Amino acid sequence: MPVPDSDSLLDEPTEIPSGPGLPLEIGLIVAGRFSLSERRILQEVEGRFRQKLDSLLPQFDWRISVSRRRDMGEGGRVESTDLLHQATEERDLYRWDYAIVLIDKELLAHYRSFALAVLSRPLDAAIVSTARLIPDEEGPGADHDQPDENEIVDRITTLLLRSVAHLGGLRFSKEPDSLLYRPASPADLAAMQSLTSGEQQELVENLTEIADLRLEESLRSRGSLWRFMLRASLINREQILETIVAARPWQFPRRLSRLTTAAVSTVTLLLMSAESWDLALTQSWSAMILISVLILTLTTLFISFRQHLLLSRGNHHREQIAVTRVSAIGIVLSGLALTWLAMFLMALLANSLLFPVELISQWTSSPPPGGRPIGLVSYLKMATFCASVGLLIGALGASFEEQTHFQHVIFVDEEL
């Protein structure tokens, strides 16, 4: 491999020639100011990455472009969501299928002590940090691990392949020799080489759908934005569902502490109020269901707009943008729905254990609709009321979550 000069990674994307097959385009964004020796290593990585893709997935015509962005990731540790947004803009600009950022800075980790890479299936993008992969006497982890140049190239290449596998829809593995393993340290990357036949087949099927003609390329008349988004959602429904599951919305209550605190506090106060019981028990079930659905819808839209989750860039009639927006809304909706369910179960348990029928009868001045006696139905109705109002107040608490943290919860489905 020839040694590149200082301008070998150009400001404009440069495409590496590729062979026959279904076309798949990956953009490698070299961010920051790598030294000449580091850029030589990255040049080796580009060639090896291309060779590994051809060997692992020969069914595709891999088109790898390199874009140089010196303005990205300036300063010390960088926030991954900022880089992901910039990577997504590059992806849309050059019509890549996936964008992967290579940066020499340390990433701000949210769930681990450090992060070698951050992967985002909703944005079809990934960030790979070389801060712990390329040895530096003053860098993190430098005293414990000093690989040679060939090992460094292999480690970075493995992370790039791991990123493609994840963005292609594969889930993590607990086997240390699997490409889908979550490395605890850079040294673990050496063993991560294999995929099972089932995983490889699943990856081929998923990538084949990605490689197919884009929706905006197949439509002669684009029509309205909502119609376009609906059609894109139907075509990519499996991808959207996989993206929502990968985001683990059931962890919303733990990850978004302000939302949970506000919701639980509200439910507690409502349960202790006689007026709340009186109001809840006088409502009909149709009204309670309508209120719950309306609150869930409004809170989903409020949080999506308040936290800038509906990315707005350039041409709105792009399938990737439509899928990203629908996925983000789906993640928020499912996360809030599961939070509502948690509040409902908590309120129902508290009702059953702490509030006997005699006490509720004394608190309520109006009998339940239909003259039914207070019992299980009344407890269910009160739990529904508390969960809905608690979710509404919880959404206000979620709006005060730090925007970068909230976007990290929504968009980042894997930290390595």
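The values are calculated or read from the model by the stated rules, or taken from the named source; none is laboratory data. Fair warning: this is a prediction, and the values are worked out from it, not measured in the lab. Please note: Cβ atoms are built from the backbone with ideal geometry, for glycine as well, and neighbour counts cover all protein chains shown. All accessible areas refer to the heavy atoms of the entire protein, side chains included, with ligands and DNA or RNA removed. Shrake-Rupley method; radii C 1.70, N 1.55, O 1.52, S 1.80 Å.
Residues in the range 135-184 that are part of a loop (DSSP other than H, G, I, E, B), modelled with pLDDT of 85 or more and open to solvent by less than 40 Å² (accessible area, probe 1.4 Å): 168, 169, 170, 179, 180, 183.
When the range 106-119 is filtered for residues that are open to solvent by less than 10 Å² (accessible area, probe 1.4 Å) and in a loop (DSSP other than H, G, I, E, B), the ones remaining, listed by number, are 115, 116. Restricting attention to the range 283-321, the residues being at pLDDT 80 or above and either over 18 Å from the mean Cα position of the chain (by Cα) or assigned to a helix (DSSP H, G or I) (or both) number 24. Scan the range 91-105 for residues that are assigned to a loop (DSSP other than H, G, I, E, B), open to solvent by 20 Å² or more (accessible area, probe 1.4 Å) and on the phi < 0 side of the Ramachandran plot and the total you get is 2. The residues of the range 68-98 that are among the hydrophobic types (A, V, I, L, M, F, W, C), under 14 Å from residue 118 (Cα atoms) and either touching a Cys at 6+ places or on another chain (Cβ under 9 Å) or at pLDDT below 85 (or both) amount to a single one, 78. For the range 74-83, does any single residue satisfy the condition of being open to solvent by 10 Å² or more (accessible area, probe 1.4 Å) and assigned to a helix (DSSP H, G or I)? Checking the range 74-83: at least one residue is open to solvent by 10 Å² or more (accessible area, probe 1.4 Å) and assigned to a helix (DSSP H, G or I).
Quick grid of which residues meet (1) open to solvent by less than 40 Å² (accessible area, probe 1.4 Å); (2) without any contact (Cβ under 8 Å) to a residue 12 or more places away in the chain; (3) on the phi < 0 side of the Ramachandran plot:
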| site | (1), (2), (3) |
| --- | --- |
| 24 | yes, no, yes |
| 28 | yes, no, yes |
| 33 | no, no, yes |
| 38 | no, no, yes |
| 47 | yes, no, yes |
| 51 | no, yes, yes |
| 55 | no, yes, yes |
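Contact annotation: residue pairs with Cβ atoms under 6 Å, 6 or more positions apart or on different chains, pairing a residue in the range 239-254 that is surrounded by fewer than 19 Cβ atoms within 10 Å (Cβ to Cβ) with a partner that is not in a helix (DSSP H, G or I), are 242/169.
Taken over the range 120-134, the criterion of being hydrophobic (A, V, I, L, M, F, W, C) and either touching a residue at least 60 places away in the same chain (Cβ under 8 Å) or assigned to a strand (DSSP E or B) (or both) is satisfied by 123, 125, 126, 127, 128, 134. When residue 277 is tested against the conditions (1) touching a helix residue (DSSP H, G or I) at 6+ places or on another chain (Cβ under 8 Å); (2) open to solvent by 90 Å² or more (accessible area, probe 1.4 Å), the lone failure is (2).
Return the only residue of 279, 241, 234 being over 27 Å from the mean Cα position of the chain (by Cα) and at pLDDT below 90. Among 279, 241, 234, only 279 is over 27 Å from the mean Cα position of the chain (by Cα) and at pLDDT below 90. Do we find that residue 338 is of a type in the set (A, V, I, L, M) and either at pLDDT 90 or above or open to solvent by 40 Å² or more (accessible area, probe 1.4 Å) (or both) in this structure? So residue 338 passes the test.
Cβ-Cβ distances below 9 Å connect no pair with a first residue in the range 361-379 that is of a type outside the set (Lys, Arg) and open to solvent by 70 Å² or more (accessible area, probe 1.4 Å), a second residue that is at pLDDT below 80 and not in a loop (DSSP other than H, G, I, E, B), and a separation of six or more residues or different chains.
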